[in-house]
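The values are calculated or read from the model by the stated rules, or taken from the named source; none is laboratory data. No experiment lies behind these values; they were computed from the predicted model shown. Here the Cβ positions follow ideal geometry from the backbone for every residue, glycine too, while neighbour counts run over all protein chains shown.
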Amino acid sequence: MLKKQTVWLLTMLSLMIVLSVYYMMSDQEDIAYIDTGQEGIEETVNRDQKDSDVEVEGVSPVQGNELFTTIRMELEDERNIKKDRLKEIVASSSATATEINEALNEIDFIENIETKETILQESILSANENYEDVLVRAEDNKVHVHVITENLPKEEAVKIMQMVKDELGEITVDVNFQATNS
(Lines give C-alpha, C1' and ligand atoms only; values in the text may rest on other atoms or scores of the structure.)
Protein backbone atom coordinates (compact mmCIF):
# COMPACT_ATOMS: atom_id res chain seq x y z
CA MET A 1 0.00 0.00 0.00
CA LEU A 2 1.38 3.40 -0.94
CA LYS A 3 1.82 5.98 1.77
CA LYS A 4 -0.26 9.14 1.71
CA GLN A 5 2.85 11.27 1.08
CA THR A 6 3.91 9.09 -1.84
CA VAL A 7 0.51 9.36 -3.48
CA TRP A 8 0.51 13.12 -2.95
CA LEU A 9 4.01 13.44 -4.38
CA LEU A 10 3.11 11.38 -7.45
CA THR A 11 -0.02 13.48 -7.96
CA MET A 12 1.98 16.71 -7.75
CA LEU A 13 4.64 15.39 -10.12
CA SER A 14 2.05 14.33 -12.67
CA LEU A 15 0.37 17.74 -12.36
CA MET A 16 3.72 19.46 -12.92
CA ILE A 17 4.37 17.30 -15.98
CA VAL A 18 0.95 18.11 -17.45
CA LEU A 19 1.45 21.84 -16.84
CA SER A 20 4.96 21.71 -18.30
CA VAL A 21 3.70 20.05 -21.47
CA TYR A 22 0.88 22.59 -21.69
CA TYR A 23 3.26 25.52 -21.42
CA MET A 24 5.70 23.99 -23.90
CA MET A 25 2.91 23.48 -26.41
CA SER A 26 1.49 26.98 -25.95
CA ASP A 27 2.77 29.92 -27.98
CA GLN A 28 6.22 30.65 -26.58
CA GLU A 29 6.47 34.05 -28.27
CA ASP A 30 3.98 35.66 -25.88
CA ILE A 31 5.57 36.22 -22.50
CA ALA A 32 3.88 37.95 -19.58
CA TYR A 33 5.97 39.23 -16.72
CA ILE A 34 5.85 41.65 -13.83
CA ASP A 35 8.04 44.68 -14.38
CA THR A 36 8.73 46.00 -10.88
CA GLY A 37 10.13 49.23 -12.28
CA GLN A 38 6.92 50.23 -14.07
CA GLU A 39 3.25 50.51 -13.17
CA GLY A 40 2.56 46.80 -13.07
CA ILE A 41 2.14 43.96 -15.48
CA GLU A 42 3.26 44.28 -19.06
CA GLU A 43 3.34 41.96 -22.01
CA THR A 44 6.10 41.66 -24.52
CA VAL A 45 5.78 39.97 -27.85
CA ASN A 46 8.86 38.98 -29.79
CA ARG A 47 8.30 38.23 -33.44
CA ASP A 48 10.92 37.06 -35.91
CA GLN A 49 10.86 38.69 -39.32
CA LYS A 50 10.87 35.24 -40.93
CA ASP A 51 7.53 34.37 -39.30
CA SER A 52 5.66 37.35 -40.79
CA ASP A 53 3.42 35.06 -42.88
CA VAL A 54 2.07 33.29 -39.78
CA GLU A 55 -1.45 34.29 -38.73
CA VAL A 56 -2.26 34.52 -35.05
CA GLU A 57 -5.88 34.25 -33.95
CA GLY A 58 -7.49 34.70 -30.58
CA VAL A 59 -4.61 36.28 -28.68
CA SER A 60 -5.90 37.69 -25.42
CA PRO A 61 -3.86 39.42 -22.74
CA VAL A 62 -3.35 37.73 -19.39
CA GLN A 63 -5.65 39.36 -16.87
CA GLY A 64 -4.03 40.53 -13.65
CA ASN A 65 -6.22 38.34 -11.45
CA GLU A 66 -5.28 35.26 -13.51
CA LEU A 67 -1.61 36.13 -13.33
CA PHE A 68 -1.80 36.68 -9.57
CA THR A 69 -3.54 33.32 -9.16
CA THR A 70 -0.86 31.61 -11.24
CA ILE A 71 1.93 33.24 -9.23
CA ARG A 72 0.21 32.24 -5.96
CA MET A 73 -0.09 28.63 -7.13
CA GLU A 74 3.54 28.47 -8.27
CA LEU A 75 4.73 29.98 -4.98
CA GLU A 76 2.59 27.55 -3.00
CA ASP A 77 3.89 24.59 -5.01
CA GLU A 78 7.49 25.72 -4.52
CA ARG A 79 6.98 26.09 -0.77
CA ASN A 80 5.18 22.74 -0.50
CA ILE A 81 8.08 21.00 -2.24
CA LYS A 82 10.51 22.67 0.14
CA LYS A 83 8.40 21.68 3.16
CA ASP A 84 8.19 18.09 1.90
CA ARG A 85 11.99 17.94 1.65
CA LEU A 86 12.26 19.29 5.18
CA LYS A 87 9.69 16.75 6.40
CA GLU A 88 11.80 14.00 4.84
CA ILE A 89 14.75 15.24 6.92
CA VAL A 90 12.59 15.14 10.06
CA ALA A 91 11.40 11.61 9.24
CA SER A 92 14.90 10.40 8.36
CA SER A 93 16.48 8.03 10.83
CA SER A 94 19.96 9.23 9.87
CA ALA A 95 19.29 12.91 10.62
CA THR A 96 20.83 14.41 13.73
CA ALA A 97 18.81 16.22 16.36
CA THR A 98 20.25 19.53 15.18
CA GLU A 99 19.24 18.87 11.55
CA ILE A 100 15.74 17.85 12.65
CA ASN A 101 15.40 20.95 14.81
CA GLU A 102 16.59 23.22 11.96
CA ALA A 103 14.17 21.55 9.54
CA LEU A 104 11.25 21.98 11.95
CA ASN A 105 12.17 25.63 12.53
CA GLU A 106 12.30 26.25 8.78
CA ILE A 107 8.92 24.56 8.27
CA ASP A 108 7.44 26.80 10.98
CA PHE A 109 9.05 29.85 9.35
CA ILE A 110 7.61 29.00 5.92
CA GLU A 111 4.13 28.42 7.35
CA ASN A 112 4.37 31.66 9.34
CA ILE A 113 5.31 33.64 6.21
CA GLU A 114 2.44 32.04 4.25
CA THR A 115 -0.02 33.01 6.97
CA LYS A 116 1.25 36.58 7.18
CA GLU A 117 1.12 36.97 3.39
CA THR A 118 -2.51 35.82 3.38
CA ILE A 119 -3.40 38.15 6.24
CA LEU A 120 -1.71 41.08 4.48
CA GLN A 121 -3.46 40.33 1.17
CA GLU A 122 -6.86 40.26 2.88
CA SER A 123 -6.12 43.35 4.99
CA ILE A 124 -4.90 45.42 2.04
CA LEU A 125 -7.80 44.26 -0.13
CA SER A 126 -10.34 45.21 2.55
CA ALA A 127 -8.62 48.56 3.24
CA ASN A 128 -9.80 50.03 -0.06
CA GLU A 129 -12.81 48.90 -2.12
CA ASN A 130 -11.09 50.12 -5.31
CA TYR A 131 -8.50 47.33 -5.15
CA GLU A 132 -9.47 44.45 -7.42
CA ASP A 133 -6.73 42.08 -6.25
CA VAL A 134 -3.57 42.13 -4.15
CA LEU A 135 -0.53 39.86 -4.30
CA VAL A 136 1.99 39.82 -1.44
CA ARG A 137 5.22 37.86 -1.82
CA ALA A 138 7.88 37.73 0.88
CA GLU A 139 11.28 36.80 -0.52
CA ASP A 140 14.50 36.92 1.47
CA ASN A 141 14.64 40.38 3.08
CA LYS A 142 12.12 42.07 0.78
CA VAL A 143 8.35 42.03 0.40
CA HIS A 144 6.73 42.64 -2.99
CA VAL A 145 3.17 43.98 -2.98
CA HIS A 146 1.30 44.19 -6.29
CA VAL A 147 -2.13 45.84 -6.41
CA ILE A 148 -4.67 45.91 -9.24
CA THR A 149 -6.43 49.27 -9.06
CA GLU A 150 -7.25 52.26 -11.25
CA ASN A 151 -4.54 54.36 -9.58
CA LEU A 152 -2.43 54.18 -6.46
CA PRO A 153 -1.67 57.52 -4.81
CA LYS A 154 1.53 57.80 -2.79
CA GLU A 155 -0.50 58.04 0.42
CA GLU A 156 -2.10 54.65 -0.27
CA ALA A 157 1.29 53.11 -1.10
CA VAL A 158 2.66 54.45 2.21
CA LYS A 159 -0.33 52.93 4.07
CA ILE A 160 0.33 49.57 2.40
CA MET A 161 4.02 49.77 3.31
CA GLN A 162 3.09 50.53 6.93
CA MET A 163 0.67 47.58 7.04
CA VAL A 164 3.44 45.28 5.81
CA LYS A 165 5.93 46.64 8.34
CA ASP A 166 3.36 46.27 11.15
CA GLU A 167 2.88 42.61 10.23
CA LEU A 168 6.43 41.58 9.28
CA GLY A 169 8.62 44.09 11.11
CA GLU A 170 11.30 46.31 9.60
CA ILE A 171 11.75 44.98 6.09
CA THR A 172 12.15 46.48 2.64
CA VAL A 173 8.77 46.81 0.93
CA ASP A 174 8.23 47.20 -2.82
CA VAL A 175 4.71 48.40 -3.79
CA ASN A 176 3.59 48.32 -7.44
CA PHE A 177 0.23 48.58 -9.10
CA GLN A 178 -1.39 47.56 -12.32
CA ALA A 179 -4.11 49.70 -13.80
CA THR A 180 -7.43 47.97 -14.25
CA ASN A 181 -8.50 47.03 -17.76
CA SER A 182 -11.90 48.68 -17.48
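Summary table
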read-out	value
For residue 165: the one exception among (1) charged (D, E, K, R); (2) assigned to a loop (DSSP other than H, G, I, E, B); (3) free of Cβ contacts under 8 Å to residues at least 12 places away in the same chain	(2)
From 101, 128, 151, residue being among the polar types (S, T, N, Q), surrounded by 12 or more Cβ atoms within 10 Å (Cβ to Cβ), more than 20 Å from the chain's Cα centre (by Cα) and modelled with pLDDT under 90	128
For residue 162: the one exception among (1) of a type in the set (S, T, N, Q); (2) under 19 Å from residue 118 (Cβ atoms); (3) buried (at least 20 other Cβ atoms within 10 Å of the Cβ)	(3)
Check on residue 136, touching a Ser or Thr at 6+ places or on another chain (Cβ under 9 Å), touching a residue at least 12 places away in the same chain (Cβ under 8 Å) and assigned to a strand (DSSP E or B)	yes
Residue check for residue 119: closer than 30 Å to residue 23 by Cβ and modelled with pLDDT of 90 or more	no
Selected residue (only one of 89, 119 is surrounded by 11 or more Cβ atoms within 10 Å (Cβ to Cβ), in contact with an Asp or Glu (Cβ under 7 Å, 6 or more places away or on another chain), over 22 Å from residue 71 (Cβ atoms) and touching a residue at least 12 places away in the same chain (Cβ under 8 Å))	89
Residue within the stretch 71-83 that is more than 26 Å from residue 6 (Cβ to Cβ) and either surrounded by fewer than 16 Cβ atoms within 10 Å (Cβ to Cβ) or without any contact (Cβ under 8 Å) to a residue 12 or more places away in the chain (or both) present	yes
Residue in the stretch 87-102 that is touching a strand residue (DSSP E or B) at 6+ places or on another chain (Cβ under 9 Å), part of a helix (DSSP H, G or I), of a type in the set (Lys, Arg) and at negative phi present	no
